[in-house]
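Everything on this sheet refers to the single structure shown next.
The values are calculated or read from the model by the stated rules, or taken from the named source; none is laboratory data. It should be emphasised that the depicted structure is a prediction, and the values quoted were computed from it without experimental measurement. Accessible surface is based on the protein model in full, side chains and every heavy atom, while ligands, DNA and RNA are left aside. Shrake-Rupley method; radii C 1.70, N 1.55, O 1.52, S 1.80 Å.
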Amino acid sequence: MTDRYLIDFYTHYDEDSRLCTRHGSVEFLTTMRYIRRYLPAGGRVLEIGAGTGHYSHALARDGFAVDAVELVEHNIRLFRRNTRPGEAVRIVQGNALDLSAFPDDRYDVTLLLGPLYHLYTPQHKRQALAEAIRVTRPGGVIFAAYVISDGCLLDEGFLRGNVDVAAYLRDGLLEPGTFAARSQPKDLFELVRKEDVDRLMEAFPTRRLHYVASDGCALLLRDALDRMDDAAFRLYLDYHFATCERPDLLGVTSHALDIFQNDPALRPAMDAPVENEKSDFI
C-alpha cells in the first residue's frame with residue numbers, strides 16, 4: 001500500500017532547504033566529509049531515498065557518476081529541477097526495499113541516508129540494508145543514517161517543547177523507566193538508539209568503519225550556531241569533527257551515521273535469511 005503519511009509529509013515539507021541552514025549544514029558537511037574519504041576517483045554512487053538530491057548533486061558536481069532512487073514524486077520533480085547541465089546523475093522512482101532494477105556489486109559507495117527514518121520493523125530495516133549491501137561492490141562502503149531518540153527528545157521535547165514528553169509516556173510512545181522510543185507509520189519518524197543499530201547489523205557481512213554523531217549538538221545549539229560569524233562557526237566545525245565519534249557524545253546527536261564496509265569474507269556469518277516483506281516506504 002502507498003504510505004499516505006510519508007508522501008503527504010514530504011509533499012509539503014521543505015526538504016530542499018533542510019540542510020542549507022547553518023545548523024543544518026553540520027549534518028551535510030559531516031556526511032560529505034566521510035563520503036569523500038571512501039569514494040575513489042571515478043567511483044560510482046547510488047543514493048537510496050535521495051530526497052531532492054542535496055547529496056547526489058553535490059557528488060555529481062564533484063565529478064562522480066550518481067544513480068538515485070526516490071519514492072516521493074514531489075521530491076523527484078525538485079531533484080530534476082536542481083540538476084545542472086552536464087551532471088552525471090539520474091534518478092528513478094523506486095523503493096528502498098526492492099532495488100531489483102540495480103545489479104549486484106555495482107557501486108563503490110551506497111547512501112541510505114533517509115529510508116531508515118521511515119521503516120518501523122526490524123524485518124523492513126534489514127531488508128533495506130540487505131539491498132544496499134547487495135548492490136555495493138565487495139570492499140565498497142555503505143552509509144546508513146538514523147534518527148536518534150535521545151537527541152530528538154532533548155531538543156524537541158525538553159528544550160523546545162514541540163514534543164509533549166509526558167503525553168508520549170502516557171500514550172506509549174516512550175517506554176517508562178528507559179525512555180526508549182516506539183514509533184508507528186503515522187508518527188513519521190522511527191527513533192532509535194545505538195544499541196538498536198548494533199542489533200540490526202549483527203546478521204550482515206560487514207565491517208563497521210565509523211559510527212558518527214552526524215549533527216552532534218547542532219540542533220540543540222541551533223540558535224547559537226545560526227548567530228555565529230564565519231570564524232566562530234569554522235571553529236565549531238573543527239570541534240565537531242574532532243569529537244563526532246566520541247562514545248560519550250553519540251547519544252546527544254539527533255542524527256547518526258553508521259558507515260560500514262561490504263566484506264565478503266564475513267558472508268558465512270549471514271546464516272539467517274532476510275524476510276522479503278513488501279512496503280512502499282523509501
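In plain terms, if you count all Cα to Cα distances in the range 162-242 and split them into 10 Å steps from zero, the share in each step is 13, 30, 30, 24, 2 percent. Enter the Cα centre distance for the pair the range 133-153 and the range 189-245, rounded to the nearest angstrom. Computed from Cα coordinates, the inter-centre distance equals 12 Å. Largest GNM mean-square fluctuation across Ala65, Ala213, Ala265, computed for the chain with C-alpha springs under 10 Å, falls on Ala265. Per residue, the average separation of C-alpha pairs within less than 8 Å and at least 6 apart gives the range 31-187 a relative contact order of 19 percent.
Fully extending the segment from Ala166 to Arg36 would add 42.6 nm, taking 0.36 nm per residue of separation and subtracting the current Cα-Cα distance.
Structural descriptor for the chain: relative contact order 24 percent, calculated from alpha carbon pairs under 8 angstrom and at least 6 residues apart. So what does the Cα-only Debye profile of the range 108-224 read at q = 0.09, 0.11, 0.15 Å⁻¹, as log10 I(q)/I(0), no solvent term? The calculated log intensity ratios at q = 0.09, 0.11, 0.15 Å⁻¹ are -0.28, -0.42, -0.74. The fraction of all Cα pairs in the chain landing in successive 5 Å bins from 0 to the largest distance is 1, 5, 12, 17, 19, 18, 15, 8, 4, 1, 0, given as whole percents. Mean residue ellipticity, 222 nm, helices only, the chain: the sum of -39500 (n - 2.57) across DSSP H runs of n ≥ 4, divided by residue count and rounded to 500, is -9500 deg cm²/dmol.
Per residue, the chain exposes an accessible area of 46 Å² to a 1.4 Å probe, with every protein chain left in place. Semi-axis lengths, largest first, of the ellipsoid equivalent to the range 91-163 are 30, 13, 10 Å, with √(5λ) applied to each eigenvalue of the Cα gyration tensor. Kirkwood hydrodynamic radius computed over the range 47-176 comes to 16.4 Å, based on all pairs of distinct alpha carbons. For the range 22-73, carbon and sulfur atoms together expose 47% of the accessible surface, with a 1.4 angstrom probe and every protein chain in place.
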